[in-house]
Amino acid sequence: MLASVLALLLVPGRTAVVPTGEQNDSPRRREVLPNGAAYLVDSSMRNGQFCMTLTISADNVRDSETTHGLRHVWEHFLAQGPKRDVDAFLEVRGLGLSAITTRDATFVQIQGPSEQIAAAFEAMKRILGPLEIQVSDLEREKKIMAQEWALRSWRDSVSAAAWKTAFADFGLDPFGDLRAIQQFTVGDIESLHRRQMVGNGMACVVIGDVDRDITAARVTELLGSLPPGDERYADNEEEPISVPPTSTRIGFGRAAVVSGLGTPGTLATIAAAFAIRLQESSVSLVYTPTTRPGLVVLSCEDMAPFQRLAALDPSEQAALLPVAKRMLLQWIGQAENDPVIAGQIQGIIMVQGRAVNFQSMREQANGLSSDAFLAGWARLVGPESVRVGGTE
Amino acid sequence: MISALLAAAILQPAVNLPLVREFPMPGADRVTVAIVVPAPQNLSGRHLAAWYAIGDSLIDGTTEFSRNAIWEYGTQSGVPPRVRVFSDLIIVQVTAPPAGIDVAAHIASAMVRRPKLRDEDLAEAVVRRRQQSDAWSSWADPHVPDWDNLDAKYIEEVKGAAFQPERMVVCIAGAVPTGRGIAEIQKQFSQRNEIPKARVRLGENPKVKATIPGIAGTFEWTGTPITARDANFVHRIAALMALGVGKEGTMTRILRESLGYSYRQEVVVWPTARGWVPRMVAWRAGSSEPIEELTKATEAMAEDVEAWDESTLARAKVMTVSALAGNGLFQPFWGGPNEVLSASVEDRAVFWAYASLVGGEQLTPDFLAQVLKDLDLEKFKAEGKAVLDQASAGVRPAEETPDWPSNEAANSGSF
């Protein structure tokens, strides 16, 4: 499954070991293991539920033209486990598994009642084991990939075009290319699996109504025996490349280049995007959380909303700031309470080795100035925005 | 948690009052008001156009709140007001911080009792609807409104027939002190009827769109509406869970894993004014023999139901409790096209507001536990078989042929 919706939440995260004294009093515990794998256990929730998120970095294994879609196909197999029995094992226990591929990481998440967390660890252990794929399995999955591709909406096309415009080959659509996918072999998938099942670039986040220390010990056991693998290098931190504007058969897009989660410009742009959605309800909004440069993408079937937005007087734009700020704060707050989205954000922050702090996010949102908000608005629909089709 | 979610106070409807339910949710940081308005029966194509235009314009202002005021007051919690428009239901929702329950109740009730419905707002709503061409919306409701012949007369008829308090159901959920939500709604609805009653004249039925925009069409097995008043409701939901929820459901195992027909296949329990309609849908692109494939899939699913065992039953029971408790996992209840109801305060309010329309007040934890205890493997398989036997199976083809971009194998027909 591909992340194609706005799932944007912010997390307190860092990869350094928290001092022992703080850990003793805190419901949270985080650590980087000797093999490079990191984990975070947040036991502060008291609702009888948990979510475990395994995040695996795309650094060093990013798609290229010839491997375009390999990580996505691998995710399909990864999530099923080597014997294709993980879903059956989990669902009868009331647990659910989902998997997502983004440009920067692969996420596998298991959630459900806390009393079943041991089963979740057992499932993750199976997932981390060697793959067992037959040629017929891969051929069937290629057909399924084509069916998945057929479900992509015009919004997906607009978003992919915007990324291509802004970042050229660094912005390859994580879905992949069906022609490249046809060429993949079982060996390709198994090779990628071996390169990914290493400590470096892997993080496990468990959030929920769990025992902190018991859970931390289980995560350590789960990840600690993995080989460290090669050190991961951030290979997509360059400035946007920017190629000529493109277009899609259906739909129009405007997008803002943002530097990543935790930066004031990113938050201001997201706030402006919320305001734009209120102003023009037919406009869709997508941002995939990452601490790396990325895009906040607006898409619409019709050009008229973008033309109206471009013509909006700055005072009219600024009038939307209070509403946008409230929505931004609500959105940040949701991150702390939704273990599924928080798990993804925590995971990406940990594998990317960045320090992003909830509290500072809230402070940034509260202090969002009119100038910053208008600059975010301009990044989205002003002259410097990334454009997919149409002109104002 | 289940008991907390299901604990509810109920105000039975009096004359000119809606049915009101209140669901305090411990720990919630906001309160939300959801109002369900069912459409008048048998809307003509023109009336259906009026229904959509009205629904989409409710948020544009009332006699006492301008559009800007609705946004200003209605976004104090950070969650914007929302109107969901189905072909025969409208659900209005306003969320507020805990102290703003009166404001949320006031705005939401004003939207359904004193909407402004300015001509320019209605016209813009029509323009937006006519441009809508996404596959999920088209799948959700194939009826085509008669936009060309919409005029003020149809707007007035639909408004007067639909927007009467006694036809509505209200749910206040989240951070609401017991009794306070009901009191606020009583206060808001205690005034005289704001919209004169009207009748919807008979007219030409809306046309039905047979195709789906894009390159993927659907195989669908559509059941008859079910309500929580039905004696077998919970058992039927459990069977639907086994058929089409989760990756171990019959649909995924058969349609995806065994036959390789589809990437996405699932049971959708779709809200209508007549009850929840079970819709088993699989998205299929590029089939040259869709009817044969539909038949093959139906037979394979029927065989699978025969093979259900105690493990299947146990899984379905766990999932049924999870779905009705609304914890976000295994949820077949939808709140819009391609929109599974989540565990948010807003979506729980929508679920219970709608459920109240169709007898959901009996779905208490004790009731669930009892009826699920009564469900043995034999009954379970009989329900699963009944779902398939009673369903109307059909194909809605895609409007376009897949071009399978950059893919020679696909173009050669191996897909």
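We did not get these values from a lab; they are worked out from the coordinates using the rules stated. None of these values were measured; they are calculated from a predicted model. Don't worry about glycine lacking a Cβ; one is built from the backbone with ideal geometry, like all the others, and counts go over all protein chains shown.
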Can you give the Rg to Rh ratio for the protein assembly as shown, taking only C-alpha atoms and Rh from Kirkwood? 0.94
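For A:THR248, what is the net charge nearby, where nearby means another residue's Cβ is under 10 Å from its Cβ and Lys, Arg count +1, Asp, Glu -1?
+1
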Volume of the Cα convex hull of region B:193-285, divided per residue and given in Å³: 165
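Taking every pair of Cα atoms in chain A, average 1/r, invert it to obtain the Kirkwood radius, and report Rg/Rh to two decimals.
My calculation of the ratio gives 0.97.
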Rounded to the nearest 10, the angle in degrees between the Cα long axis of helix A:370-381 and the longest principal axis of the Cα atoms of chain A comes to 90
Using unit Cβ charges (K, R positive; D, E negative) and no other charged atoms, how large, in debye to the nearest 20, is the dipole of region B:216-414 about its Cα centre? 480
Between the modelled labels at B:ALA307 and B:ASP29 (7 Å from Cα along Cα→Cβ) the distance in nm is 4.8
Give me the Debye-computed log₁₀ of I(q)/I(0) at q = 0.12, 0.14 Å⁻¹ for region A:252-388, equal point scatterers on Cα only, no solvent, two decimals. -0.44, -0.60
What spacing in nm lies between the two simple spin-label points modelled at B:THR222 and A:GLU139, each 7 Å away from Cα in the Cβ direction? 3.7
Least to most buried among B:THR227, A:THR102 (fewest other Cβ within 10 Å first): B:THR227, A:THR102
On a full-extension model of 0.36 nm per residue, what is the gain between A:LYS125 and A:ASN24, subtracting their alpha-carbon distance, rounded to one decimal in nm? 33.6 nm
Pop out the ³J(HN,Hα) list for region A:286-299 in order, Karplus 6.51 cos²θ - 1.76 cosθ + 1.60 with θ = phi - 60°, rounded to Hz; leave Gly and Pro as x. 9, 9, 9, x, 6, 8, 8, x, x, 10, 9, 10, 10, 9
Please check: in the Gaussian network model of chain A (C-alpha springs, under 10 Å), which one of A:GLN80, A:GLN330, A:GLN111 has the largest mean-square fluctuation. A:GLN330
Which entries of A:LYS164/A:LYS325; B:LYS317/B:LYS379; B:LYS153/B:LYS197; B:LYS116/B:LYS197; B:LYS116/B:LYS159; B:LYS317/B:LYS381 show an alpha-carbon separation above 19 angstrom in the structure shown? A:LYS164/A:LYS325
Got the relative contact order for region A:23-90 handy, in percent, Cα pairs under 8 Å and 6 or more residues apart? 15
Separation in nanometres of the label points that stand 7 Å from Cα toward Cβ, at B:THR63 and B:ARG201: 2.7
Have a look at B:GLY384, B:VAL269, B:GLY160 and report the one farthest towards the positive end of the charge dipole of the protein assembly as shown, computed about the Cα centre with Cβ charges (Lys/Arg +1, Asp/Glu -1). B:GLY160
When the charge dipole of region A:344-392 is computed with +1 at the Cβ of Lys and Arg and -1 at the Cβ of Asp and Glu, the Cα pointing farthest to the positive end, of A:GLY353, A:SER370, A:LEU380, is that of A:GLY353
Could you state, as a whole-number percent, how many of the C-alpha pairs of region B:216-414 are farther apart than 22 Å? 48
Could you compute the net charge surrounding B:ARG118? Neighbours are other residues with a C-beta less than 12 Å from the C-beta of B:ARG118; K and R count +1, D and E count -1. -3
Which FRET efficiency value, to the nearest 0.05, do you get for A:ASP169 and A:MET303 by plugging their Cβ-Cβ distance into 1/(1 + (r/R0)^6) with R0 = 22 Å? 0.20
Round to the nearest 0.05 the FRET efficiency obtained for B:ASN193 and B:ASP230 when R0 = 35 Å and r is the Cβ-Cβ distance. 0.60
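Quick check on the exposure proxy: order B:LYS207, B:LYS247 from fewest to most C-beta atoms within 10 angstrom.
The order, fewest Cβ neighbours first, is B:LYS207, B:LYS247.
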Taking only Cα atoms and a 10 Å spring cutoff, compute GNM fluctuations for chain B and point out the largest among B:LEU259, B:LEU43, B:LEU19. B:LEU259
Residues with amide H under 5 Å of B:TRP270's amide H, sequence separation 5 or more or different chain, H placed in the peptide plane at 1.01 Å from N; which? B:VAL277, B:ARG279
Quick one, could you list the DSSP H helices from chain B stretching 20 Å or more along their long axis (Cα atoms) with average Kyte-Doolittle hydropathy of -0.5 or above? B:290-306, B:310-325
Can you sort B:VAL340, B:VAL245 so the residue with the fewest Cβ neighbours within 10 Å comes first? B:VAL340, B:VAL245
To test your reading of the geometry: what angle, between 0 and 90 degrees and rounded to tens, separates the Cα axis of helix A:264-279 from the longest principal axis of chain A? 60
